[in-house]
1. Restricting attention to the alpha-carbon atoms of region 129-259, what are Rg (one decimal) and Dmax (integer), both in Å?
2. Sort 303-310, 91-98 for me by packing, meaning the mean count of neighbouring Cβ atoms within 10 Å per residue, highest on top.
3. Would you mind getting the Kirkwood hydrodynamic radius of region 111-165 from its Cα pairs, rounded to one decimal in Å?
4. Could you check how many percent of all C-alpha pairs in region 201-354 are farther apart than 18 Å?
5. For the chain, count the residues as N, evaluate 2.2 N^0.38 Å, and divide the Cα radius of gyration by that value, please.
6. Could you tell me how far the Cα centroid of region 66-84 sits from the Cα centroid of region 159-227, in Å?
7. I need the peptides 41-54, 246-259, 269-282 ranked by packing, meaning the mean over residues of other C-beta atoms within 10 angstrom, with the highest value on top.
8. If you average over every viewing direction, what projected area does the convex hull of the Cα atoms of region 263-329 give, in nm²?
Ligand SMILES: Cc1ncc(COP(=O)(O)O)c(C=O)c1O
């Protein structure tokens, strides 16, 4: 950095590669690069947002009613639920509770980049266990690393970007082997996978679950995420937060979204159909597609991947090149939308090479 800043900044910032810079100008394109909902949110959400009054906008938000409503939806006690500004922010809150300079964090990579980002920012020492190119969860290596009692173990289930799912039996093994480690299970894609260990927060005080309304419900622009943990850990999380961590429109939208469960059901069904269609089409053409139970596919297109990604971009179709994950070109992550959107993607792919 060539800044003439005379003020000392946090030492950890020196170890941080420049932050993730999201792409701009994506509106109107076929956005398959951020694992977002590709059809927008429920119309009921837009109607509820339009009814927000000037008084409501001018007031600091109140949370108790919303928290009770959300707790009922998730079948937890309000004391076990923490509201945050997206799952990203939920992860930051958890870091603020457990991490400080020198504390150890265990990560499985390639994984969700924010795990590493916050760990570096906290000045933590990071132990990494890697997936091999078959993308099987490296369970035995994780079990060995847990013996060294890291303060926090982060994993996304299903994992982003690989889509790998860790079974409940394996998760139980991890939780029972590491009572002194905060095991953070990021379930951002639970709406699609149907897999959650949320009810286990009563059984395992070392378990912390993170979820979001950004994906299936399509509220990414409003930022609403959740932390679930035993009441004691949830209280510590709230202690690190400012008094108004979530905006009023996010709460209003959440309430309306929960009232329209048909929207989520039909979107999840559309994504599943797309998953089947795209997997079949790619496999027929010799592309290796990894198993997915989420709203995205991870596939190995081999050396032509960068050209394909760029060619699609020219057609207004955005997908994510993940060459950096294994140090070679080939891996691409593609979000799944409706079957009509998937047919458009397939037409685009056909124009590139097939
Ligand atoms: C595993 C995982 N966690 C968290 C997030 C971020 O979610 P949010 O929009 O709620 O911050 C994502 C988004 O891609 C994700 O893949």
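Any read-out appearing in this document is the output of simple, stated calculations on the displayed coordinates, not a laboratory observation. No experiment lies behind these values; they were computed from the predicted model shown. No Cβ is skipped: glycine too gets one built from the backbone with ideal geometry, and neighbour counts run over all protein chains shown.
1. 15.9, 45
2. 91-98, 303-310
3. For region 111-165, inverting the mean 1/r across all distinct Cα pairs yields 12.1 Å.
4. 68 percent
5. For the chain, the normalised Cα radius of gyration is 1.01.
6. 16 Å
7. Final packing ranking: 246-259, 269-282, 41-54.
8. 5.3 nm²
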